[in-house]
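In what follows, a single structure is set out as structure tokens and then discussed.
The values are calculated or read from the model by the stated rules, or taken from the named source; none is laboratory data. The model shown is predicted, which means the values in this text are computed figures rather than measured ones. Methodologically, a virtual Cβ is constructed for each residue, glycine included, from the backbone with ideal geometry; neighbour enumeration extends over all protein chains shown. Please note that ligands, DNA and RNA were not included when accessible areas were found on the heavy atoms of the full protein model with its side chains. Shrake-Rupley method; radii C 1.70, N 1.55, O 1.52, S 1.80 Å.
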Amino acid sequence: MKLLFQNEWERLWSRKTSFLFLLFTPILVFITVIQSLQNNKTLEKTDPQYSFWSNFPIMSLSEVFMLYFNIVAVLLVVISFTHEYRTGQLRMILQRSYSFSKVFFAKYIVVLLYLFLLLVFYFVCSLVMGLIVFEGAEEVYLFFQPEPVTPIKSMSYSVNYYLLSFLSLIAVVSTAILVGVVSRSSTSAFAATAAFFLVSMIYPVLLGIFGEVIGYSQYVYFSLIEIQFSGVVQMLTSNLFLRRWIFSILVIYIVLGTSAALGVFSNRDSLH
């Protein structure tokens with residue numbers, strides 16, 4: 001299994017896209033620096049959206065997370081799973097006496113590890129640029145927090161924000177793999193996953209229309225996009241019910257998506 005993981009890790013880094021995503025990260029952070037500087041001109045320093053160096057990693061990630069990291073996750077899944085699954089490249093790996101489940105989890109872990117490292121790199125870049133560009137403050141206001149916090153606590157909050165964001169990425173990857181192994185081509189896999197995200201974006205809006213009737217607040221978090229947009233922040237509040245609810249939804253996405261994807265992936269009849 002160790003050798004299989006190593007081979008998959010090397011295969012991932014043999015692709016130019018893996019390096020391009022890393023190289024693009026500082027550029028993306030720089031773009032969010034410019035945007036945050038513009039926002040600061042119109043915001044009070046007591047506004048949670050006002051950027052200081054200690055909360056800039058959150059401001060920066062919240063601007064690009066749903067678009068950039070979701071796209072990276074889907075592309076990695078399409079390349080690592082759908083493309084190899086449907087073009088016959090997977091047969092070469094299976095000929096080395098590896099089981100379907102071992103190949104599946106090796107690829108799954110490699111994709112998650114890459115995304116985790118990319119997220120860590122994004123955090124480091126945003127922290128460094130934040131220290132260079134933005135001022136500090138004795139007290140920092142955070143989203144849905146009743147009282148301001150110290151810069152140290154703001155940094156701790158940022159780390160937790162990134163960890164929960166990564167958890168949501170695991171759910172995205174699990175769902176994308178299921179869509180990917182069901183799809184007949186890389187193009188259809190990407191299109192189907194994009195359609196899923198679109199529905200995930202529209203769902204909370206439609207649910208909000210009937211909110212007064214059905215009390216929709218917690219049900220919007222059936223949407224992965226809504227979890228990434230506001231659910232991660234809600235999980236960092238003192239609202240224990242929402243924290244457990246959103247965490248449970250993410251676990252369901254991960255467990256069901258991974259289990260169903262493994263079942264389809266292990267079906268030899270669909271390997272063509």
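The orientation-averaged projected area of the convex hull spanned by the Cα atoms of segment 148-191 comes to 4.0 nm². Projecting the Cα atoms of 231, 114, 260 onto the dipole axis of the chain, where Lys and Arg carry +1 and Asp and Glu carry -1 at the beta carbon, places 260 farthest toward the positive end. In the elastic network of the chain, a GNM with C-alpha springs shorter than 10 Å, the most mobile of 49, 38, 228 is 38. Rg and Dmax over the alpha-carbon atoms of segment 1-76 stand at 17.1, 54 Å.
Size descriptor for the chain, Kirkwood hydrodynamic radius: 20.0 Å (Cα pairs only, one decimal).
Annotation: amide H-H contacts under 5 Å for residue 15 (H modelled 1.01 Å from N, sequence separation of 5 or more, or interchain): none. Model label points for residue 192 and residue 34, set 7 angstrom from Cα along the Cα-to-Cβ axis, are 3.9 nm apart. Listed by chain and number, the lysines whose alpha-carbon sits under 20 Å from that of residue 16, ignoring those within fewer than 8 places in the same chain, are 107.
Using a 1.4 Å probe over the heavy atoms of the protein chains, calculate the carbon and sulfur portion of the accessible area of the chain as a whole percent.
The computed percentage sits at 68.
Highest mean packing first, where packing is the average number of other Cβ atoms within 10 Å per residue, the peptides 101-107, 111-117 line up as 101-107, 111-117.
The residues of the chain present an accessible area of 50 Å² per residue when probed at 1.4 Å with all protein chains retained.
Dipole magnitude for the chain: computed about the Cα centre from +1 point charges on Lys and Arg Cβ and -1 point charges on Asp and Glu Cβ, it is near 1260 debye.
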